[in-house]
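Working notes for the structure below.
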Amino acid sequence: AVGTARLDGEIDRWWSGPAHLGGSIDKPQVWWLQDGTSFLAARQSFGCAPELVTQRRRGDFVAITRHNEPLASATPAAHVEPLSWLARDGLRIEGMLLRTEQRARQPCIVLVHGGPTWAWGQFHTDTWPNALVLAQAGFAVLLPNPRGSNGRGADFAQAVIDDIGGEDLHDILRGVEHVAALGLIDPSRVGIAGHSYGGFMVAWAPTQTDVFRAAAGLSIVADWPSCI
């Protein structure tokens, strides 16, 4: 979302939607133009390569560049389904399911993001492992944002303090149960992958559950004192 916030707490929202605004996948970024009625941003989403766009207050996006049109035309169409489910303590957890083909009971790869104070969004390409490439290979890709992720306030982001690998793991497992109950994935063919904090979860999860048939981690945090 893009908008302005006054000191009294009143928020004027100019735009909100699933696309990611910013050239970096680390954080959103926009530039306000001098006229004060529009902003400039790099806009991207799954299947939509980044381009510079402008938008006036509550208006439509207007493309400024078309540099990535060849890349966009070569990118497979992706179906992104926003999801939410309840954690075992009743906390609502959000995520996405990414597929390039919509069929029942697909094999599934769960991608755990780094951080954990980070969050999956609508990025044309993401950090390793690439969700779009996995979806193109026939997997349903579950992108959970468990407690510890950003975008849900300080309390949500800090909920993993002194409990990393605890309730956040169960948030992820409840997400797997949710998409399996919907008939979208085959619960007997689920893998997990991730890097950094996600790499830690990849190494930790198979010691706690038999849900995952395969695990692939990168930049795994295997020893917290040496990491600090």
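Taking the condition buried (at least 17 other Cβ atoms within 10 Å of the Cβ), touching a residue at least 12 places away in the same chain (Cβ under 8 Å) and either hydroxyl-bearing (S, T, Y) or in contact with a helix residue (DSSP H, G or I) (Cβ under 8 Å, 6 or more places away or on another chain) (or both), does L21 pass? Here the answer is no, as L21 does not meet what is asked. Taking segment 83-99 as the range and being touching a Gly at 6+ places or on another chain (Cβ under 8 Å) and either small (G, A, S) or at pLDDT below 95 (or both) as the test, the residues that pass are S84, G95. Scanning segment 8-18 for residues that are closer than 26 Å to T117 by Cβ and exposed (fewer than 15 other Cβ atoms within 10 Å of the Cβ) gives G9, I11, R13, S16, G17, P18. When G166 is tested against the conditions (1) under 19 Å from R88 (Cβ atoms); (2) open to solvent by 30 Å² or more (accessible area, probe 1.4 Å); (3) over 15 Å from the mean Cα position of the chain (by Cα), the lone failure is (2). Residue count for segment 119-140, restricted to those that are open to solvent by 30 Å² or more (accessible area, probe 1.4 Å) and either within 14 Å of E81 (Cα to Cα) or hydrophobic (A, V, I, L, M, F, W, C) (or both): 5. Within segment 141-159, the residues that satisfy the criterion of being open to solvent by less than 10 Å² (accessible area, probe 1.4 Å) and aliphatic (A, V, I, L, M) are V141, L142, L143. Select from segment 42-66 the residues that are farther than 30 Å from E101 by Cβ and touching a residue at least 24 places away in the same chain (Cβ under 8 Å) and write down the one among them that is surrounded by the fewest Cβ atoms within 10 Å (Cβ to Cβ). Top of the filtered list is R58.
The values are calculated or read from the model by the stated rules, or taken from the named source; none is laboratory data. None of the values given here were measured: they were computed from a predicted structure. Cβ sites come from the backbone with ideal geometry, for glycine too, and all protein chains shown count toward neighbours. Quick note on the areas: whole protein, heavy atoms, side chains included, nothing else; ligands and nucleic acids left out. Shrake-Rupley method; radii C 1.70, N 1.55, O 1.52, S 1.80 Å.
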